[in-house]
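Structure first, then comments.
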Amino acid sequence: MEVIVRPLISEKMTKITEKFSNRCGFVVDKRANKIQIKNAVEALYNVKVVDVNTMNYSGKVKSRYTKAGFITGKKPAFKKAVVTLKEGNTIDFYSNI
C-alpha cells in the first residue's frame, strides 16, 4: 500500500503553511492510519514528525447542463493528513521544479 498519494498544495493549505511554517498537507490512502502516515513522511522527506491530524472527505456530486443534456457525476472521496513537523524542520515541495 502506497501511503502518501501526493502533497496537498491549495490556497487553504498554503495559508496554513504561511501561518505555521512546520505544517504540511498530504492526500493519503484511505486505509492508512496516523502511525503509517508518520513513518512514510519521515522516511520520504527525512524530517521528524510530531503530530498527524487526518480528515476524511466524501465525494461531492457535481452536475452541469450541456447541449447533450443534463450530466451528473461524482468527485472521488479522499483522506487528507496535516502533518506537524518538529520545530526547525521544513519540507520544500518546490525545490525540484
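Here are a few things to note about the model shown:
- Identity of the residue in the range 77-95, under 18 Å from residue 10 (Cα atoms) and at pLDDT below 95, that ends up most open to solvent (accessible area, probe 1.4 Å): 94
- Residue in the range 43-64 that is open to solvent by less than 100 Å² (accessible area, probe 1.4 Å), aromatic (Phe, Trp, Tyr) and free of Cβ contacts under 8 Å to residues at least 60 places away in the same chain present: yes
- Residue list for the range 14-30, filter: in contact (Cβ under 8 Å) with a residue 60 or more places away in the chain, open to solvent by less than 20 Å² (accessible area, probe 1.4 Å) and farther than 12 Å from residue 93 by Cα: none
- Residue in the range 5-16 that is hydrophobic (A, V, I, L, M, F, W, C) and assigned to a helix (DSSP H, G or I) present: yes
- Looking only at residues of the range 3-13 that are open to solvent by 60 Å² or more (accessible area, probe 1.4 Å) and over 19 Å from residue 59 (Cβ atoms), we find that the one that is nearest to the chain's Cα centre (by Cα) is 9.
- Of the residues making up the range 31-56, just one is modelled with pLDDT of 95 or more and of a type in the set (Ser, Thr, Tyr), namely 54.
- One residue stands out in the range 40-97 among those that are of a type in the set (Ser, Thr, Tyr) and outside any strand (DSSP E or B): the one that is nearest to residue 26 (Cα to Cα), namely 45.
The values are calculated or read from the model by the stated rules, or taken from the named source; none is laboratory data. Predicted model, so just to flag it, every value in this text is computed and none were measured. Here the Cβ is made from the backbone with ideal geometry for all residues, glycine too, and neighbour counts use every protein chain on show. Surface accessibility is based on the protein's heavy atoms, side chains included, excluding ligands, DNA and RNA. Shrake-Rupley method; radii C 1.70, N 1.55, O 1.52, S 1.80 Å.
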